[in-house]
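Have a look at the structure below, then the notes.
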């Protein structure tokens, strides 16, 4: 029998299963390993390299830290322009500014990815790199974007935070550019609460990323323990009682710094928290490796639920995700559009259906100050049009087909609420 107080949720550590909780518990309360032990990190790097079939892999404590390592290794001139799409998170923009480079926002296309046509229009003499985000796990148009980069001598970086396991014309995302980075954040394809990876086949760039990784050191023991507590408290205390007490406990645990937030308040003001950039601690590498072993199962499940959403919602008044025959999507979230998205989400939360709202603004979260990330209103009309109309439906391993039908029925019968 399902727990009536536990929500159907899109986030809140959605990938966590019983084995992950046991592993986190043993790492936190069992026999302590040397905190600076690098073997778990190396094991994760080796397995990730084998999966992705790339030469050089470096683990960090977040996707931000991974991007910071890549940008530092590129050693571009200060003030160089890095082009990236709007309809993204401040976590993708801030590292560019922290490195001394200038983000230039390119509009997105109907697939929620970087528009090749707008990219061409916005290239200047200062443009040095293009960062491509595979939004919601839908691969971008890599042929056209690579062509533009080659014609204009631009460095191509792939932002694969949403898309581990996705493919474009038979090639895995993360293997098309000079470098790529992945996120193992709490609501990504695999999760160790905070974590990430920088990858490249370029030997010289790899040497510089390795030096960067060696120099920055590990986060504190307190920070690592905070992340290890996350799956335990979320799965055993917060989610089981979410609708009566759990939501308040989550706020209390975050306020008291027992648990971390996905985005620090400083990042919304364009400032770096002191725990970026850092290496990936061994304990979190062990959690990530356990999740990596389940990736194919996770992705197969996501694709099956996506098929069900397409079928269940086909007669509704929603703009469904594009079906791209030359690409293998992984559907981190099944993202649909509706003019009344905010109202639908508000009503869903009242029903204990915690569906998502990526993205409410061209640079999310909604309370990110645009001036701190360099976004100017009117420069990306598609992104601005999509923002606020998005409804993200869960596809993770803990969502059942029955729950998908509950969500779809709710979505299709809003007029009765």
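The values are calculated or read from the model by the stated rules, or taken from the named source; none is laboratory data. Just so it is clear, the model here is predicted, and its values are computed rather than measured. Cβ placement follows ideal geometry from the backbone for every residue including glycine, while neighbour counts extend to all protein chains displayed.
Suppose the filter is surrounded by fewer than 16 Cβ atoms within 10 Å (Cβ to Cβ), outside any helix (DSSP H, G or I) and in contact (Cβ under 8 Å) with a residue 24 or more places away in the chain; does residue 263 pass it?
In short, no.
Can you spot a residue in the stretch 178-192 that is under 14 Å from residue 279 (Cα atoms) and surrounded by fewer than 20 Cβ atoms within 10 Å (Cβ to Cβ)? No, the stretch 178-192 contains no residue that is under 14 Å from residue 279 (Cα atoms) and surrounded by fewer than 20 Cβ atoms within 10 Å (Cβ to Cβ). Of all residues in the stretch 276-310, those being buried (at least 19 other Cβ atoms within 10 Å of the Cβ) and part of a loop (DSSP other than H, G, I, E, B) number 5. Of everything listed in (1) closer than 21 Å to residue 383 by Cβ; (2) in a helix (DSSP H, G or I); (3) touching a residue at least 12 places away in the same chain (Cβ under 8 Å), the single unmet condition for residue 129 is (2).
Quick check on the stretch 248-259: of everything there that is assigned to a helix (DSSP H, G or I) and surrounded by 16 or more Cβ atoms within 10 Å (Cβ to Cβ), which residue is farthest from the chain's Cα centre (by Cα)?
Going through the stretch 248-259, the residues assigned to a helix (DSSP H, G or I) turn out to be 248-255.
Filter again for surrounded by 16 or more Cβ atoms within 10 Å (Cβ to Cβ), leaving 249-250, 253.
Working: 249: 25, 250: 21, 253: 23 Å.
Applying the filter and picking the extreme gives 249.
Considering 353, 324, the condition of being under 20 Å from residue 168 (Cβ atoms) and over 20 Å from the mean Cα position of the chain (by Cα) is satisfied by 324 alone. Just to verify a result, which residue in the stretch 39-63, among those that are touching a strand residue (DSSP E or B) at 6+ places or on another chain (Cβ under 8 Å) and over 25 Å from residue 146 (Cβ atoms), is surrounded by the fewest Cβ atoms within 10 Å (Cβ to Cβ)? Here the residue is 46.
Does the stretch 116-124 contain at least one residue that is closer than 16 Å to residue 384 by Cβ and free of Cβ contacts under 8 Å to residues at least 40 places away in the same chain? Write out each step before concluding.
Let us first name the residues in the stretch 116-124 that are closer than 16 Å to residue 384 by Cβ, namely 118, 122.
Checking which are free of Cβ contacts under 8 Å to residues at least 40 places away in the same chain leaves us with 122.
Yes, the stretch 116-124 has at least one match.
Among the residues of the stretch 151-164, those that are surrounded by 24 or more Cβ atoms within 10 Å (Cβ to Cβ) and either assigned to a loop (DSSP other than H, G, I, E, B) or without any contact (Cβ under 8 Å) to a residue 60 or more places away in the chain (or both) comprise 158, 160, 161, 162, 163, 164.
Being modelled with pLDDT of 95 or more and either more than 22 Å from residue 85 (Cβ to Cβ) or touching a helix residue (DSSP H, G or I) at 6+ places or on another chain (Cβ under 6 Å) (or both) holds for only one residue in 336, 330, and it is 330. Checking the stretch 193-214 against the condition returns a match, with at least one residue being within 20 Å of residue 7 (Cβ to Cβ), assigned to a loop (DSSP other than H, G, I, E, B) and modelled with pLDDT of 95 or more.
For residue 68, the conditions (1) touching a residue at least 60 places away in the same chain (Cβ under 8 Å); (2) surrounded by fewer than 23 Cβ atoms within 10 Å (Cβ to Cβ) are fulfilled apart from (2). Only one of (1) modelled with pLDDT of 95 or more; (2) at positive phi is not met by residue 374, so which one is it? Every listed condition holds for residue 374 apart from (1). On the stretch given as the stretch 80-110, residues that are assigned to a loop (DSSP other than H, G, I, E, B), in contact (Cβ under 8 Å) with a residue 24 or more places away in the chain and surrounded by fewer than 24 Cβ atoms within 10 Å (Cβ to Cβ) total 6. Of the residues making up the stretch 346-386, those that are part of a helix (DSSP H, G or I) and buried (at least 20 other Cβ atoms within 10 Å of the Cβ) are 348, 373, 383, 386. Annotation: of all residues in the stretch 165-177 being in contact with a strand residue (DSSP E or B) (Cβ under 7 Å, 6 or more places away or on another chain) and part of a strand (DSSP E or B), the one that is surrounded by the fewest Cβ atoms within 10 Å (Cβ to Cβ) is 167.
How many of the residues in the stretch 313-345 are part of a helix (DSSP H, G or I) and surrounded by 18 or more Cβ atoms within 10 Å (Cβ to Cβ)?
Applying the first criterion (part of a helix (DSSP H, G or I)) to the stretch 313-345 yields 313, 341-345.
If we keep only those that are surrounded by 18 or more Cβ atoms within 10 Å (Cβ to Cβ) too, we end up with 313, 341, 344-345.
The total comes to 4.
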